[in-house]
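J.: Take this structure first; my questions come after.
The values are calculated or read from the model by the stated rules, or taken from the named source; none is laboratory data. None of the values given here were measured: they were computed from a predicted structure. Here Cβ is always computed from backbone atoms with ideal geometry, including for glycine, and neighbour counts include all displayed protein chains.
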Amino acid sequence: MPTESPAGRRRPADLLFDPLLGLFFTRGRVEHIEQLTPRVRRIRVSGPDVRALSWTPGQHVRVHVKDVRAPVWAGMLRDVLRTYSVWSYDGEGLELCPLDHGDGPGAGWARSLRVGDEVAFRGPEGRFVLDRSAAHHLFAGEETASVAFGAMLRALPEEARVDGVVEVADPRDRLPLPRSAELRWSFRGDAAAAESPSLLAAVRELDLPPEPGVAYLAGEARTCQAVRRHLVDERGWPRRSVLVKPFWTPGRRGMD
Ligand SMILES: Cc1cc2nc3c(=O)[nH]c(=O)nc-3n(C[C@H](O)[C@H](O)[C@H](O)COP(=O)(O)OP(=O)(O)OC[C@H]3O[C@@H](n4cnc5c(N)ncnc54)[C@H](O)[C@@H]3O)c2cc1C
């Protein structure tokens, strides 16, 4: 979404509009794009505003996935912002990893981005973050969840025990997660990621310590609920020890 006219000049209206935009959004530019897996692009966004951010691993940003300078009518609002976890932030740039799941304003935005494009977003924000007081951390989710998990795993102290299941369609869909060897990877093939019985079954099979730790469940909403029920009802984990962040579910658009 370039901010400049084809001739490289700013439109006069932008001179008025840009300061207003800055009140609501942080703006950066795409510095680098890498195809991390067949369906995930790693998008690095940098710029002076991005340097001033503060971020806790697990937090996300809400990206404006339409032309920020186009008028937005009430009926279009739900298609304007989409939520993406921050894969990494090094003080100079932040990286997002949108999954290309097919149709949707977010998926289309991520597919069409090119180096140099402007990205406007709100945040980072969110409470889906590590409980650093825990000695044991359990992660469960699918492709989209693994973006947040990557950032959280990177931030864990070495002595913390890690368990978890990450389910992806195919081995090629695995993100390069830290402590990957301590996680179990589940491959669902052509089966749907929604309400995934294989992810739940893989969590059931985990040999966990007798004392509950903290669980982080993210990704498709109904799968998250099923895994939460398993941990609370069958393993006796306290509800407060199970953090759930539904990212998407069939039929819902732009979950936050
Ligand atoms: C806190 C948070 C963090 C998130 N982090 C990431 C992230 O790092 N990377 C990422 O890719 N997504 C992430 N998501 C999920 C992302 O916001 C949703 O997938 C979003 O729906 C994508 O917007 P869209 O416009 O492409 O599709 P929408 O218009 O929102 O959805 C249209 C339809 O597409 C389908 N759909 C949506 N997402 C998926 C999917 N992943 N797989 C299969 N079908 C789907 C559903 O049927 C949905 O009804 C996150 C969500 C939240 C709440």
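J.: Tell me which of these LEU183 doesn't satisfy, since it passes every other one: (1) within 16 Å of the ligand (Cβ to nearest atom); (2) in contact with a Phe, Trp or Tyr (Cβ under 9 Å, 6 or more places away or on another chain).
T.: (1)
J.: Separate question: Taking region 216-256, which residues are within 16 Å of the ligand (Cβ to nearest atom) and more than 30 Å from PRO105 (Cβ to Cβ)?
T.: Once the filter is applied, which keeps residues that are within 16 Å of the ligand (Cβ to nearest atom) and more than 30 Å from PRO105 (Cβ to Cβ), region 216-256 yields nothing.
J.: Another question, then. Kindly indicate whether any position in region 133-143 is within 28 Å of LEU23 (Cα to Cα), within 13 Å of the ligand (Cβ to nearest atom) and either of a type in the set (A, V, I, L, M) or in contact (Cβ under 8 Å) with a residue 24 or more places away in the chain (or both).
T.: Here is the first cut: in region 133-143, the residues within 28 Å of LEU23 (Cα to Cα) are none.
No - not one qualifying residue is present in region 133-143.
J.: Would you be able to say whether some residue in region 178-197 is closer than 29 Å to GLY108 by Cα, in contact (Cβ under 8 Å) with a residue 12 or more places away in the chain, surrounded by 13 or more Cβ atoms within 10 Å (Cβ to Cβ) and aromatic (Phe, Trp, Tyr)?
T.: Checked region 178-197: at least one residue is closer than 29 Å to GLY108 by Cα, in contact (Cβ under 8 Å) with a residue 12 or more places away in the chain, surrounded by 13 or more Cβ atoms within 10 Å (Cβ to Cβ) and aromatic (Phe, Trp, Tyr).
J.: Tell me, yes or no, whether region 64-79 has at least one residue that is away from the ligand (no atom under 12 Å from the Cβ), without any contact (Cβ under 8 Å) to a residue 12 or more places away in the chain, in a strand (DSSP E or B) and loosely packed, with under 14 Cβ neighbours inside 10 Å.
T.: Scanning region 64-79 turns up no residue that is away from the ligand (no atom under 12 Å from the Cβ), without any contact (Cβ under 8 Å) to a residue 12 or more places away in the chain, in a strand (DSSP E or B) and loosely packed, with under 14 Cβ neighbours inside 10 Å.
J.: Here's another thing I want to ask about it. Report yes if VAL162 is over 19 Å from the mean Cα position of the chain (by Cα), surrounded by 16 or more Cβ atoms within 10 Å (Cβ to Cβ) and in the same structural domain as VAL214 (by TED's automatic domain parsing), otherwise no.
T.: Working: over 19 Å from the mean Cα position of the chain (by Cα): yes; surrounded by 16 or more Cβ atoms within 10 Å (Cβ to Cβ): yes; in the same structural domain as VAL214 (by TED's automatic domain parsing): yes.
Criteria met by VAL162.
J.: Restricting attention to region 213-230, which residues are touching a residue at least 40 places away in the same chain (Cβ under 8 Å) and not in a strand (DSSP E or B)? Full working, then the answer.
T.: Quick first cut of region 213-230, residues touching a residue at least 40 places away in the same chain (Cβ under 8 Å) only: 213-220, 223-224, 227.
Across region 213-230, the qualifying residues are GLY213, THR223, CYS224, VAL227.
J.: Can you list residue pairs whose Cβ atoms sit under 9 Å apart, with the first residue in region 236-256 being in contact (Cβ under 8 Å) with a residue 60 or more places away in the chain and outside any loop (DSSP other than H, G, I, E, B) and the second being within 11 Å of the ligand (Cβ to nearest atom) and among the hydroxyl-bearing types (Ser, Thr, Tyr)? Count only pairs 6 or more apart in sequence or on different chains.
T.: The qualifying pairs are PHE247/THR83; PHE247/SER85; PHE247/THR144; TRP248/THR144.
J.: While we're looking at this one, here's another question. If I go through region 93-131 residue by residue, how many of them are outside any loop (DSSP other than H, G, I, E, B), more than 10 Å from the ligand (Cβ to nearest atom) and surrounded by fewer than 19 Cβ atoms within 10 Å (Cβ to Cβ)?
T.: 2
J.: Turning to a different aspect of this structure: If ALA52 satisfies all but one of (1) aliphatic (A, V, I, L, M); (2) surrounded by 12 or more Cβ atoms within 10 Å (Cβ to Cβ); (3) modelled with pLDDT under 95, what's the number of the condition it fails?
T.: If we test ALA52 against (1) aliphatic (A, V, I, L, M); (2) surrounded by 12 or more Cβ atoms within 10 Å (Cβ to Cβ); (3) modelled with pLDDT under 95, just (2) comes out false.
J.: Also, I was wondering about something else. Which one of these is of a type outside the set (Gly, Ala, Ser) and modelled with pLDDT of 95 or more: ARG69, ARG78, ARG62? Talk me through it step by step, then tell me what you get.
T.: Values: ARG69 fails: modelled with pLDDT of 95 or more; ARG78 fails: modelled with pLDDT of 95 or more.
Answer to the check: ARG62.
J.: Pairs, please: C-beta under 7 Å, at least 6 apart or cross-chain, first residue in contact (Cβ under 8 Å) with a residue 40 or more places away in the chain and in region 88-111, second among the polar types (S, T, N, Q) and within 6 Å of the ligand (Cβ to nearest atom)?
T.: These pairs meet every condition: LEU99/THR144.
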